[in-house]
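See below for the structure under consideration.
Nothing in this text is a laboratory measurement; each read-out follows from the coordinates by a stated rule. Everything quoted here is computed from the prediction, not taken from an experiment. For neighbour counting, all protein chains shown are included, and Cβ atoms are generated from backbone atoms with ideal geometry for every residue, glycine included.
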Amino acid sequence: MIKGLKKSSIDGSQPLDIGLVFSGGGSRAAYQVGALKALIPYLLKKSNNISVVVGSSIGAINSLIIGATYKGDISYSVELLESLWRERTYRNSFEGSPSKAFIKAIQVGFIQYFSQRPGPNATNRSIFNPSPLEKRVDEVIDAHGGLSLSARSSLIKSVAVMTTLEGPERKPLLIASSTNKLNEEELAGASFDILYMDRLHAKHGLASAALPSVLPPVELNLETHTVKLVDGGICDNIPVDPAARLGARDILIFDASGRKWWCDVYNEPYYSKSSWEVLSKTSTFCHCPPRLTEFRNTIGLGTILKETVGKSTKSFIQALGPTWPIFRLLKHSMGETLAYEVMSYAALHHDYIDALLEQGYNDAKEIIAKQELHFNGFSDDHGIAA
């Protein structure tokens, strides 16, 4: 559990460093891009730039792309992210035979369906090999100079991804490329260990997104030993504390996890943790930045999946790829509404991705309108492209 919060103070004479925090959420990460697009006018007219970008799980991929491509104009990074998400399909994201992945999905589905310990348990079995996605992300990163301290824009002080050390006891590990190395006092009360690297690659993003049973764990060779890394969402799916410790004072959270929706369904507190998530020790606490704004979906994104591709069997199977038999199992055990919500994390289809981008944009615009004073009442329209 989290013992408490430590509030950072505001120096009114200095602009606040902006931090972007991206949660996990599978293919729903496209929603984050739509929400970020709604903020373009606000970010372009700010006197201070984005300086810290932190992501967990698939949000780590969005973080790496922004870290590599941001040179002071966030609209370029957003446009590039839109394009990358719109081109995603199962065939160009994952390697290997779809029929073999289909069989693996059935096996994983039955294992989870009959498991006494539901959740992302440690396993060497995975449905997908994300080599093509890794290659595509590295192409984009390298085309913009790479993600080393010397190559990326000096505006970006820190880029980091949250991962989980796999082992008898799972532990959170933040992998960071940062000009600001935290001292012992700044790390006091942190729930995570930190590993500094000069250069980040797509591999580090996929280490954060390696959900057991779905994607394979990523091995990282350190000087003295090799570690196995899995999904960062198991430890910290919305890594605000790392972003605040790295210096962000005006943090914008892009949460595609759906946690609040699921908590509402099961009548649980929003910040409660699932049984499979790693609990923070009572000696830890989170840093709370002076300014914090959260952008998250207000409706279940399973509804969008159903409306965009659920009415056509061909489109639905195309969207779910080899994972569609899991939908059948979930529908039987949880009901149709919850089954659609679960599969909203896995679906890849251009109509669905377009709808996620649009929903993220519209939801963020509503939040901006409600917080007019914070966002200086800007009204520029940067709508989602058709």
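Quick notes on this structure:
- Hz values of 3J(HN,Hα) by residue in the range 188-195 - Karplus curve (6.51, -1.76, 1.60), Gly and Pro given as x: 4, x, 5, 8, 10, 8, 10, 10
- Between ASP354, ASP255, ASP198, the Gaussian network model of the chain with springs among Cα atoms under 10 angstrom shows the greatest mean-square fluctuation at ASP198.
- Antiparallel beta bridges, as assigned by DSSP with both residues in the chain, represent about 35 percent of the total such bridges.
- Sparsely packed loop sites in the range 172-212 (the trypsin sites (Lys or Arg not before Pro) outside DSSP H, G, I, E and B with at most 12 other Cβ atoms within 10 Å) comprise LYS181.
- Theoretical FRET efficiency, 1/(1+(r/R0)^6), r = Cβ-Cβ of ASN180 and MET334, R0 41 Å, to 0.05: 0.40
- In the chain, the sites counted are chymotrypsin sites (Phe, Trp or Tyr not before Pro) in DSSP loop states with at most 10 other Cβ atoms within 10 Å, and the longest stretch holding none of them, exclusive of the sites, is 115-265.
- Restricting the trypsin sites (Lys or Arg not before Pro) of the range 210-300 to loop positions (DSSP other than H, G, I, E, B) with no more than 13 neighbouring Cβ atoms within 10 Å leaves LYS281.
- The range 249-297: translational diffusion in µm²/s, Stokes-Einstein, Kirkwood Rh over Cα pairs, 37 °C, 0.692 mPa s: 255
- When shorter helices are ignored and each DSSP H run of at least 4 residues is given -39500 (n - 2.57), the per-residue value for the chain at 222 nm works out to -11500 deg cm²/dmol.
- Whole-Hz couplings from phi, Karplus 6.51/-1.76/1.60, listed for the range 169-177; x for Gly and Pro: 10, 6, 9, x, 9, 9, 9, 10, 10
- The chain: relative contact order in percent, alpha carbon pairs under 8 Å with at least 6 residues between: 28
- Max mean-square fluctuation residue, GNM over the chain, Cα-Cα springs under 10 Å, options ILE156, ILE251, ILE368: ILE368
- Within the listed set ASN221, ASN49, ASN297, the residue fluctuating most in the Gaussian network model of the chain (springs between alpha-carbon atoms under 10 angstrom) is ASN221.
- Only one of (i) -0.29, -0.74, -1.27; (ii) -0.39, -0.95, -1.34; (iii) -0.33, -0.84, -1.33 was calculated from the structure for log10 I(q)/I(0) by the Debye sum over Cα atoms at q = 0.07, 0.11, 0.14 Å⁻¹, and its label is (i).
- The range 337-343 - phi-based ³J(HN,Hα) in whole Hz, Karplus 6.51/-1.76/1.60, Gly and Pro as x: 4, 5, 5, 4, 5, 4, 6
- Net charge over other residues, Cβ less than 11 angstrom from the Cβ of ILE304 (K, R count +1; D, E count -1): -3
- Based on C-alpha pairs under 8 angstrom that are at least 6 apart in sequence, the range 231-348 has a relative contact order of 27 percent.
- Label separation (GLN371 vs ASN129): 4.4 nm, computed from points 7 Å beyond Cα along the C-beta direction.
- When the pairs LYS171/LYS228; LYS273/LYS306; LYS100/LYS331; LYS203/LYS228; LYS45/LYS365; LYS46/LYS71 are compared against a 19 Å limit on Cα-Cα distance, LYS273/LYS306; LYS100/LYS331 fall above it.
- Placing a pseudo-label 7 Å from each Cα along the Cα-to-Cβ vector at HIS225 and ILE317 gives an inter-label distance of 4.8 nm.
- Dipole of the range 45-98, positive end: most advanced residue of THR69, SER51, THR89 [Cβ charges, Cα centre]: SER51
- Other-chain or far-sequence residues with amide H under 5 Å of GLU166's (modelled H): LYS228, LEU229, VAL230
- Percentage relative contact order, the range 283-366, counting C-alpha pairs under 8 Å, at least six apart: 41
- For the range 16-53 versus the range 119-142, the gap between their alpha-carbon centres in whole angstrom: 24
- Positive end of the dipole of the chain (Cβ unit charges, origin at the Cα centre): among MET334, LEU149, GLY247, the Cα lying farthest that way belongs to MET334.
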